[in-house]
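This report refers to the structure that appears directly beneath it.
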Amino acid sequence: MSDFLTADIDRADALIDLSNVVLERSLGGSGAADLLRLERVGRALSALYGSSETRMYGVADESLIRRNLYADVRQFRALRRWRAERVIHVAPDADPVLLELADQTGLPIITGDRFRNHRDDFPWLDGSDDAVLEPRAGAGGGVSLSHVVVHPVLDWEVSRAEESDLLKQKGVRARQGLLTRIWGCPEPRCPWHDPLRTGLMFVPRWYRDRLYCDLHDLDVVDLGPRPRAAQVKVISNGAEVARFPVRAGERVKVGRSPGGFVLTPWLSAATRLKVSREHLALELAGDRLVFTDSSRNGTTVVNAEGIRRKVHRTSAPFGYKSRLEVVPGLELIRSGRRYPSELQIDRAVATAAEPPPEATVSY
Ligand SMILES: [Zn+2]
């Protein structure tokens, strides 16, 4: 049942507020807490993103791991095992952890919560239309995910929410740049904080200004800046078929030639002729992902509004909301993770006046 979860935040397509989802009775299942709700939300995310490969980075309140919440003791044991194996991120209060990670990655949070008492710390939430994906029960037991607008809250609502939130913790904000540094555990054989060996982006736990490895209860050490990387997904006829990273200082060629990322497995006899051996190349220029077309037929950029533009033998930015169409039916898109500069631009133009994107699916 953990097929939808990942401990690697770089691999994640969304963050999930596990306590909110697993305790939400309207999502089906039985009893106060049921992991079936997590599975249903995972499937809804796959349907929303048109991919069977979607993964969620799960954050849970400590209070979710209590035996008496579960009708089926195996679910309680599974959660305890996920905590021990670091499949999920457990914190005294999950809200600030989720918001800090959303702040630094731009990933949406799957939750029914609106974080009313955290607006002062995370002002970009007010009016945001892409920060929260809300699970909703549909007819016939299906679950769908919809983007919702996070409306600004009035002062009296904030004070009431703060009063009613007994879990509110002070001093849980992480240091700036949590995900821009490599953190290591001082224990030499620690499996979780040796990024050079595991290759995954593991987020240290934090609480009251302390960043630590919760396996060894040791403060993590800063091993230096983390090289930037962007994740690119390959979409064939609407379904994700592969992913590859573009790291800082690297130029990734894409086309039919070996030595770069090879698209041949997803080309038919007809489309094969339209893809050049070195069709395009991707690289990170500062905080932006840029592509350079070097093909015979060009590459079509489709922006968030669906406007198409042909790029031929020149360079152009590859924004996180746009798609690069190599040939009809074969596209490259960015993963959900964004960079701080992109987020700043995004948040500056966000307005509550615009309707939310209607991205509703059922299964
Ligand atoms: Zn450790």
Selected residue (criterion: nearest to the chain's Cα centre (by Cα)) from residues of the range 65-92 that are closer than 18 Å to Arg208 by Cα and buried (at least 19 other Cβ atoms within 10 Å of the Cβ): His89
Step by step: first the residues of the range 223-259, then only those that are closer than 21 Å to Ala270 by Cα and β-branched (Val, Ile, Thr), then the one that is surrounded by the fewest Cβ atoms within 10 Å (Cβ to Cβ). Which residue is that? Val241
Consider the range 189-222. How many of its residues are aromatic (Phe, Trp, Tyr), within 22 Å of the chain's Cα centre (by Cα), within 12 Å of the ligand (Cβ to nearest atom) and modelled with pLDDT of 75 or more? 1
Of the conditions (1) surrounded by fewer than 21 Cβ atoms within 10 Å (Cβ to Cβ); (2) under 30 Å from Glu331 (Cα atoms), Arg25 clears all except one; give me its number. (2)
Within the range 75-82, is even one residue outside any helix (DSSP H, G or I), touching a residue at least 24 places away in the same chain (Cβ under 8 Å) and outside the structural domain of Ser335 (by TED's automatic domain parsing)? no
Here are the criteria: (1) assigned to a helix (DSSP H, G or I); (2) at pLDDT below 70. Tell me which single one Val172 does not satisfy. (1)
Within the range 176-188, of all residues that are away from the ligand (no atom under 13 Å from the Cβ) and out of contact with any strand residue (DSSP E or B) (no Cβ under 7 Å at 6 or more places or on another chain), the one modelled with the lowest pLDDT is Gln176
Which pairs turn up if I take residues in the range 291-310 that are farther than 20 Å from Val246 by Cα and look for partners that are among the polar types (S, T, N, Q) and in a loop (DSSP other than H, G, I, E, B) with beta carbon separation below 6 Å, at least 6 apart in sequence or on another chain? Arg296/Ser276; Asn303/Ser322
Only residues that are more than 16 Å from the ligand (Cβ to nearest atom), on the phi < 0 side of the Ramachandran plot and not β-branched (Val, Ile, Thr): list them for the range 223-235, please. Pro225, Arg226, Pro227, Arg228, Ala229, Ala230, Gln231, Lys233
For the range 224-235, state whether one or more residues are within 18 Å of Gly319 (Cα to Cα), in contact (Cβ under 8 Å) with a residue 60 or more places away in the chain and in a loop (DSSP other than H, G, I, E, B). yes
Would the range 6-18 turn up any residue that is outside any loop (DSSP other than H, G, I, E, B) and more than 30 Å from Val246 (Cα to Cα)? yes
Determine, yes or no, whether Leu211 is touching a Pro at 6+ places or on another chain (Cβ under 6 Å), assigned to a strand (DSSP E or B) and surrounded by fewer than 19 Cβ atoms within 10 Å (Cβ to Cβ). yes
What pairs can you find where one residue is in the range 45-71 and among the basic types (Lys, Arg), the other is part of a strand (DSSP E or B), and their Cβ atoms are less than 9 Å apart, with a gap of 6+ or different chains? Arg55/Leu5; Arg55/Ala14; Arg66/Ala33
All conditions in (1) in a helix (DSSP H, G or I); (2) over 20 Å from Ala239 (Cβ atoms) are true of Ala270 except (2)
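Quick grid of which residues meet (1) closer than 16 Å to Ile333 by Cα; (2) modelled with pLDDT of 95 or more:
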position: Val252; (1), (2): yes, yes
position: Gly255; (1), (2): yes, yes
position: Pro258; (1), (2): no, no
position: Leu280; (1), (2): yes, yes
position: Ala285; (1), (2): no, no
position: Asp293; (1), (2): yes, yes
position: Thr299; (1), (2): yes, yes
position: Ala304; (1), (2): yes, no
position: Arg308; (1), (2): yes, yes
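The values are calculated or read from the model by the stated rules, or taken from the named source; none is laboratory data. Computed from a predicted model, the values in this text were never measured in an experiment. Positions of Cβ are backbone-derived with ideal geometry, glycine not excepted, and every protein chain shown enters the neighbour counts.
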